[in-house]
Amino acid sequence: AQSVTQLDSQVPVFEEAPVELRCNYSSSVSVYLFWYVQYPNQGLQLLLKYLSGSTLVKGINGFEAEFNKSQTSFHLRKPSVHISDTAEYFCAVSYLQGAQKLVFGQGTRLTINP
Amino acid sequence: EAGVVQSPRYKIIEKKQPVAFWCNPISGHNTLYWYRQNLGQGPELLIRYENEEAVDDSQLPKDRFSAERLKGVDSTLKIQPAELGDSAVYLCASSLGGDGSYEQYFGPGTRLTVT
């Protein structure tokens, strides 16, 4: 079965520190990969996506992610976080074959402390 | 450009009562999705429409849930009767196409509390 695992349910960091949110997926076939952010009482917003090509993907708000096919990972990084980055972050995968539906991880709550 | 609109934003009902959620997708988006997001979890797909046709409803509990997308634009999701376990946030999303590569645009959701 298709699945996405976000290894950390909560990540607290200090403002201006770097952060990495980890994501692993189960697959033996080609995939599309996404990171979405959800601010309190809002819907999900796309941060970045990997469809093909360069394995390093840059997104909005200074975030980037690296696709690692051998490790089936798509970790999200930011070199210096701000208070406004406090939110829930979701990794998601869709598969080129089959149902092509989006499967989400359980989310990582990023809390930025001053 | 207006985003995905959902109403109501909050709903509190007693168990066994019916409830309905409404969604207006982004203009021109042919694909519409309904997701359920339980507390502390990621969204889970309930149903996906391509225009008026429900092309994936495998995760929709059909004994109590129903959905429609008349004229291929707005959509309504209904629960009848509601159970305590239905308490969750119901998210609507839309995209230009149903290929898994398309970005999905999400509405703010309807938070349902069943007492």
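The values are calculated or read from the model by the stated rules, or taken from the named source; none is laboratory data. All values reported here derive from a predicted model rather than from experimental measurement. Every residue, glycine among them, receives a Cβ derived from its backbone with ideal geometry; neighbour counts consider all protein chains shown. SASA here: full protein model, heavy atoms, side chains in, ligands and nucleic acids out. Shrake-Rupley method; radii C 1.70, N 1.55, O 1.52, S 1.80 Å.
Scanning the stretch B:98-115 for residues that are open to solvent by 10 Å² or more (accessible area, probe 1.4 Å), small (Gly, Ala, Ser) and in contact (Cβ under 8 Å) with a residue 60 or more places away in the chain yields a count of 1.
Screening residue A:11 with (1) more than 11 Å from every other protein chain (Cβ to nearest Cβ); (2) open to solvent by 60 Å² or more (accessible area, probe 1.4 Å); (3) part of a strand (DSSP E or B) gives one miss only, at (2).
Take residue A:43 and decide whether it is under 12 Å from the mean Cα position of the chain (by Cα) and on the phi < 0 side of the Ramachandran plot. Against the criterion (under 12 Å from the mean Cα position of the chain (by Cα) and on the phi < 0 side of the Ramachandran plot), residue A:43 does not qualify. When the criteria are applied in full, residue A:58 meets the requirement of being more than 21 Å from residue A:3 (Cα to Cα) and more than 11 Å from chain B (Cβ to nearest Cβ). Report whether or not residue B:76 is over 20 Å from residue A:38 (Cβ atoms), open to solvent by less than 50 Å² (accessible area, probe 1.4 Å) and at pLDDT 95 or above. In short, yes. On the stretch given as the stretch A:22-54, residues that are polar (S, T, N, Q), under 28 Å from residue A:86 (Cβ atoms) and touching a residue at least 60 places away in the same chain (Cβ under 8 Å) total 1. For the stretch A:16-65, please list each of the strands (runs of 3 or more DSSP E) lying entirely inside it that holds at least 3 residues being in contact with a Cys (Cβ under 9 Å, 6 or more places away or on another chain) and open to solvent by less than 40 Å² (accessible area, probe 1.4 Å). Ranges flagged: A:31-38. Selection over the stretch B:58-79 of residues that are in contact with a strand residue (DSSP E or B) (Cβ under 9 Å, 6 or more places away or on another chain) and over 15 Å from residue B:46 (Cβ atoms) gives a count of 4.
Of the residues that sit in the stretch B:38-52 and are surrounded by 22 or more Cβ atoms within 10 Å (Cβ to Cβ) and within 9 Å of chain A (Cβ to nearest Cβ), which one is nearest to the chain's Cα centre (by Cα)? Selected residue: B:48.
For the stretch A:91-112, a residue qualifies if it is of a type in the set (Ser, Thr, Tyr) and surrounded by 15 or more Cβ atoms within 10 Å (Cβ to Cβ), and the qualifying residues are A:94, A:95, A:108. Which of the residues that make up the stretch B:4-24 are within 12 Å of chain A (Cβ to nearest Cβ) and not basic (Lys, Arg)? The answer is B:4, B:5, B:6, B:10, B:23. Scanning the stretch A:70-114 for residues that are in contact with a Leu (Cβ under 8 Å, 6 or more places away or on another chain), outside any strand (DSSP E or B) and within 9 Å of another protein chain (Cβ to nearest Cβ) gives A:101, A:102.
Here residue A:88 does not fit the description of being in contact with a Lys or Arg (Cβ under 8 Å, 6 or more places away or on another chain), open to solvent by 60 Å² or more (accessible area, probe 1.4 Å) and either closer than 13 Å to residue A:20 by Cβ or not small (Gly, Ala, Ser) (or both).
On the stretch given as the stretch A:25-52, residues that are at pLDDT below 90 and of a type outside the set (S, T, N, Q) total 4.
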